[in-house]
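Visitor: Next up is a structure, given as structure tokens.
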Amino acid sequence: MSGDHQKQYHFVIMAAQRAGAVNPLAAAAGVSHKCLVEIDGKSLIERTLTEIIASGLARRVSVSIEDEAPLKSDSYVRGLMDAGFVRFVKSTDNLFDSVAAAFTADDDAPAIITTADNALFTGEMYRFFAQGAESFDASAAFCRKETLLSKYPEGQPRFHRFKNGEYTNCNTFAIMNRKAVSAAAMFRSGGQFLKSSPMRAIRTFGLWNAIGYKNGWFTLEGAFRVLSRKFGVSIGIVDMPYAEAPIDVDNAQSLEMTTRIIAERKAAAEI
């Protein structure tokens with residue numbers, strides 16, 4: 001399921017739900033987890049796995065989730081688990097410990113981390129990201145505001161403001177070696193740290209740097225140099241030129257948008 005001509009990665013898919021919460025999209029679809037919500041007959045996690053395999057980069061996949069029953073309920077995922085290509089990793093109550101749980105063996109890095117609802121990320125996008133990620137110990141995929149809104153003006157209204165422009169993250173990360181696992185500590189108190197509370201930003205960046213981030217004093221690259229110094233590893237960004245890269249299935253609006261884009265892709269492929 002992987003090619004021999006390029007670096008191979010351990011993919012980690014984050015698929016857990018918030019403790020004690022029932023995801024409204026899952027509830028509306030009559031399934032236990034959002035990753036099992038279907039678009040055109042395929043679950044979100046099946047679509048994510050299909051593109052990971054299509055990238056030619058994957059040597060194995062770990063899925064971080066509360067228990068393996070939801071995965072076994074999906075026939076496509078169950079087949080990959082039975083084949084030994086996909087394994088279940090029990091999630092914890094925060095992203096850092098959930099990510100760290102997938103890194104128990106010496107060969108668990110290099111790794112690409114993504115989410116089960118990244119249903120529009122394609123094999124080509126993973127290859128582009130992986131090429132850029134090779135320059136750093138750890139990296140994150142970002143997309144410029146103008147890249148997203150020029151194609152999808154109805155896209156998300158909130159962006160991270162930096163000195164050199166506004167960006168949104170693509171929920172895709174790379175950890176190239178075991179020492180870089182420490183960089184994931186920025187997620188210990190929860191996910192989406194760049195969208196979090198002022199106190200969480202202060203704990204991540206330090207007071208002065210947090211003020212600089214909130215006021216747009218840094219370039220995006222400069223902000224990640226701050227993180228590099230804090231964690232003692234090189235952390236960089238990969239600027240994704242794909243408008244679909246930051247679109248994941250978070251709510252009814254993004255589900256409708258994702259469904260429409262998938263239908264358009266399908267129609268274009270049939271021409």
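Visitor: Report, ordered by the first and then the second residue, all pairs with beta carbons closer than 7 Å, sequence separation of six or more or different chains, a first member in region 97-120 that is of a type in the set (V, I, T), and a second member that is in a loop (DSSP other than H, G, I, E, B).
Guide: Hits for this filter: T114/F121; T115/D248.
Visitor: So which residues in region 65-77 are crowded, with 19+ Cβ neighbours inside 10 Å and part of a loop (DSSP other than H, G, I, E, B)?
Guide: Once the filter is applied, which keeps residues that are crowded, with 19+ Cβ neighbours inside 10 Å and part of a loop (DSSP other than H, G, I, E, B), region 65-77 yields only D74.
Visitor: Checking S32 against (1) in contact with a helix residue (DSSP H, G or I) (Cβ under 8 Å, 6 or more places away or on another chain); (2) open to solvent by 40 Å² or more (accessible area, probe 1.4 Å); (3) part of a helix (DSSP H, G or I), which test does it fail?
Guide: Evaluating S32 over (1) in contact with a helix residue (DSSP H, G or I) (Cβ under 8 Å, 6 or more places away or on another chain); (2) open to solvent by 40 Å² or more (accessible area, probe 1.4 Å); (3) part of a helix (DSSP H, G or I) leaves (3) as the failure.
Visitor: Mind checking which residues of region 40-59 are touching a helix residue (DSSP H, G or I) at 6+ places or on another chain (Cβ under 9 Å), of a type outside the set (D, E) and open to solvent by 20 Å² or more (accessible area, probe 1.4 Å)?
Guide: Hits for region 40-59 are K42, R47, T50, I53, A54, R59.
Visitor: Can you pull out every residue in region 1-23 that is closer than 19 Å to I65 by Cβ and free of Cβ contacts under 8 Å to residues at least 60 places away in the same chain?
Guide: Q17, R18, G20, A21, V22, N23
Each row is one residue, and each column tells you yes or no for (1) aliphatic (A, V, I, L, M); (2) open to solvent by 70 Å² or more (accessible area, probe 1.4 Å).
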| residue | (1), (2) |
| --- | --- |
| A119 | yes, no |
| Q131 | no, yes |
| F136 | no, no |
| C143 | no, no |
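Visitor: Looking at (1) at pLDDT 90 or above; (2) farther than 26 Å from A105 by Cα; (3) surrounded by fewer than 22 Cβ atoms within 10 Å (Cβ to Cβ), which is the one condition that is false for R127?
Guide: (2)
Visitor: At pLDDT 95 or above, under 19 Å from I247 (Cα atoms) and either part of a loop (DSSP other than H, G, I, E, B) or of a type in the set (K, R) (or both), is that true of L25?
Guide: no
The values are calculated or read from the model by the stated rules, or taken from the named source; none is laboratory data. Keep in mind that this is a model prediction, so the values were computed, not measured. When we count neighbours, we look across all protein chains shown, and the Cβ atoms used for this are built from the backbone with ideal geometry, even at glycine. Each accessible area value is taken on the protein alone, full model and side chains, heavy atoms only, with ligands, DNA and RNA left out. Shrake-Rupley method; radii C 1.70, N 1.55, O 1.52, S 1.80 Å.
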